[in-house]
């Protein structure tokens, strides 16, 4: 059995073909072009075409969570030009009254000219609908949990907030689906999963503090319960929902390349504010994981930073493990 993990990132769209022992059989990438849904889909299909000589049973799409596809346009966030959901951290877990380097789907939503032109979808969900040749009007919980529009503890859209900003009628269903939902099949009969947010499908089997070092640096820590704190809000810490329904606290930050001492001290300070226990082992993964881990570990901090084997593809291997389990349960 084989599964194609499709990662639509801010910089590159990548395909990784895994077998059921989690070995990579083939991989390919192209630059991501989000100038329009058409150029986005063209890049995705170019990646998929590179695997035509292989036989695989399913495609699992991932994507960044800040853009929204609506009425044949990709809307990007407004990057916190105003305090859009101030005083709602206890409901949304999204500190958008704090200046950060990355926006949210909520701010993208506010730029729509209207709310009556079909469903607004996260990028990976839109691609899943195109590959499976089916209409989708609902979000998976990983994207919803990263959107700034969800009442996180109730697992429902924060309708009062959306209506306050004239998001009526809602441009999507009030129901959600799992990332592991099979939404349909390609013209070749390959199953297409709903997929999800690229940072939220990692820690299904092995929840731990993780740094994803790529185009953006993602500082992440799992939590059992949603307990937002004012100190975390001031630090710009966002609560998210993972593919297994758990919680993660995250900060997404653009850092210097090469990373500076100030950036590394910032990462350590965020983990302290997240109340990560001392002596915790923190995985540093992604394209720069193997380089960044020893640099962080040399600093005087209460944590141990390590790069796991094949740090660059750790994220995709964990997602593949989740996808294989989901496919097994669908049988």
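The values are calculated or read from the model by the stated rules, or taken from the named source; none is laboratory data. This is a predicted model, so every value here is computed, not measured. Cβ atoms come from the backbone with ideal geometry, glycine included; neighbour counts cover every protein chain shown.
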Condition check: in contact (Cβ under 8 Å) with a residue 40 or more places away in the chain, assigned to a loop (DSSP other than H, G, I, E, B) and surrounded by 24 or more Cβ atoms within 10 Å (Cβ to Cβ). Does residue 201 satisfy that?
yes
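Taking residue 94 as the residue in question, decide whether it is modelled with pLDDT of 85 or more, assigned by TED's automatic domain parsing to the domain that holds residue 15, assigned to a loop (DSSP other than H, G, I, E, B) and under 16 Å from residue 159 (Cα atoms).
yes
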Scan the range 17-44 residue by residue and report those that are exposed (fewer than 15 other Cβ atoms within 10 Å of the Cβ), out of contact with any helix residue (DSSP H, G or I) (no Cβ under 6 Å at 6 or more places or on another chain) and not in a strand (DSSP E or B).
21, 23, 35, 36, 38, 39, 42
Is at least one residue of the range 51-65 crowded, with 22+ Cβ neighbours inside 10 Å, in a loop (DSSP other than H, G, I, E, B) and in the same structural domain as residue 186 (by TED's automatic domain parsing)?
yes
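Listed here are the residues, each with its yes/no results for (1) under 15 Å from the mean Cα position of the chain (by Cα); (2) part of a loop (DSSP other than H, G, I, E, B); (3) buried (at least 23 other Cβ atoms within 10 Å of the Cβ); (4) at pLDDT 90 or above.
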position	(1), (2), (3), (4)
119	no, yes, no, yes
130	no, no, no, yes
137	no, yes, no, yes
143	yes, no, yes, yes
169	no, yes, no, no
179	yes, yes, yes, yes
184	no, no, no, yes
